[in-house]
Each structure stands twice: as structure tokens, then as C-alpha cells.
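*Asks:* One structure follows; several queries about it will come next.
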Amino acid sequence: MSGTLYDMLVAHEVGHALFTPNIMDAIVQLAKDHGVDTAVAKDYVNVVEDARIERLIKAKFPGLRRDFIDSYKDLMERDLFGLSDTDINTLPLIDRLNLE
């Protein structure tokens, strides 16, 4: 693992520690209100929350921006997500949002 990737992963988790509230009750209520399984609601909230905390941690520590850019490029080049033979347009919406 490169130092850049390590820094990005640590920054992501620090972002959760600093900015993610306890939202499990809200996820359960969201699932109930929309008639979906709690796990499905949690998946969607998690994708949005990851994007939110990454935006906030990069705003708090602007030097991390390059680490995030380089790390996500590295992960895609290594096909970490196993998508090299997949038409991304065929993936479920939540997966396409997450990749974006």
C-alpha cells in the first residue's frame, strides 16, 4: 500500500470519526417510511455519508485532495472493485452512485 493510499484511507475514517453522527435510528425510520429493507436503506445512506464526510475532511485538510484523487485512480487501475469486464450501466443505481 502506498503512503498516499494509506493517508486517504485514514483520512476517510477520521472523517467518519469527526463528522458522522449516530444515524442508525434514522436509517430504520427511513426504511420503514419507504417500505424498504433496513439493509437497503443503510447501503444508500452509507454511500451518501461516505461522499459527505470525504468532502468535509478535504475541506478541513485541503492537502488531502490530491491523496484522494491519486488513491481512487490507483484503486480503479488495480481493478479493486472487479469491474474491468463490467458495463457499469448495468449495475444497480447504488453501485453506480458509489463509483461516481
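*Asks:* Taking the Kirkwood radius as the inverse of the mean 1/r across Cα pairs, report the Rg/Rh of the chain. Before the final figure, lay out each step's value.
*Replies:* On the way: Rg = 15.3 Å, Rh = 15.1 Å.
Ratio value, two decimals: 1.02.
*Asks:* Still on this structure, I have one more. Only Cα pairs within less than 10 Å get springs; with that Gaussian network setup on the chain, which residue of Leu56, Leu80, Leu64 has the largest fluctuation?
*Replies:* Greatest mean-square fluctuation among the candidates belongs to Leu80.
*Asks:* Once label points are set 7 Å from the Cα along Cα→Cβ at both Asn22 and Asp95, what is their separation, rounded to one decimal in nm?
*Replies:* 3.4
*Asks:* Another one. Would you mind calculating the relative contact order of the chain from Cα pairs under 8 angstrom and at least 6 residues apart, reporting the percent as a whole number?
*Replies:* Details: 55 pairs, mean separation 36.5, N = 100.
After rounding, I find 36 percent.
Every number in this text was worked out from the coordinates using simple rules, so none of it is lab data. Remember, it's a predicted structure, so these values are computed and weren't measured experimentally. Don't worry about glycine lacking a Cβ; one is built from the backbone with ideal geometry, like all the others, and counts go over all protein chains shown.
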